[in-house]
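Colleague: Dropping a structure here in structure tokens format, bear with me for questions.
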Amino acid sequence: MKHNHNQDNARSVVPQPVPVRFEYADPKATTVCIAGSFNHWQPEAKTLHSSGVGNWWKETALVPGTYEYCLVVDGQWMPDPQARESVPNPYGGRNSILVVASSPEAAHLADAENLPMKNTNV
């Protein structure tokens, strides 16, 4: 029986988590959480940290992909005001869309593709 050496060298590629930072500003908020498809819609799984002056943040890592999520501010579910895209959800509200690129470089490239063109012939 012949042995196929190519199969020995083939390794399944497992997507590596990419750093993601969520930010929200509300000086009146007392708790801010994130619930989404990346944490089974469990807000207590991703509580944002407060800077003490109304700025909230959370750093996490997610595998590349597209996710839906909402902020939960003092118990009220709402789309992220900083999100570029949102979709209707089954409850009459909107879910924010988060697209996690395969690397920070790919994310910067995607951001650059959405910038308006500059006229350098001025």
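Colleague: Loop only by DSSP, 11 or fewer other Cβ within 10 Å of the Cβ. Give me the trypsin sites (Lys or Arg not before Pro) in region 20-53 that pass, ordered by residue number.
Modeller: LYS28
Colleague: Given H placed on each backbone N at 1.01 Å, which residues far from ARG94 in sequence or on other chains put an amide H within less than 5 Å of it?
Modeller: ASN89
Colleague: Would you order TYR91, TYR24, TYR67 from fewest to most other beta-carbon atoms within 10 Å of each residue's own beta-carbon? Write out the running numbers ahead of the final one.
Modeller: Details: TYR91 9, TYR24 20, TYR67 17.
Ordered by Cβ neighbours within 10 Å, fewest first: TYR91, TYR67, TYR24.
Colleague: Return an integer: the convex hull volume of the alpha-carbon atoms of region 18-113, in Å³ per residue.
Modeller: Taking only Cα atoms, region 18-113 has a hull volume of 102 Å³ per residue.
Colleague: Please compute the net charge surrounding LYS58, taking Lys and Arg as +1 and Asp and Glu as -1 over other residues with Cβ under 9 Å from its Cβ.
Modeller: Overall, the nearby charge balance is 0.
Colleague: Can you compute the FRET efficiency between VAL13 and THR60 using 1/(1 + (r/R0)^6), with r the Cβ-Cβ distance and R0 = 22 Å? Round to the nearest 0.05.
Modeller: Efficiency, from the Cβ-Cβ distance: 0.50.
Read-outs throughout are calculated quantities, based only on the coordinates presented, and are distinct from any laboratory measurement. Everything numeric in this text was worked out from a predicted model, so none of it was measured. Glycine gets a Cβ as well: all are built from the backbone with ideal geometry, and neighbour counts include every protein chain shown.
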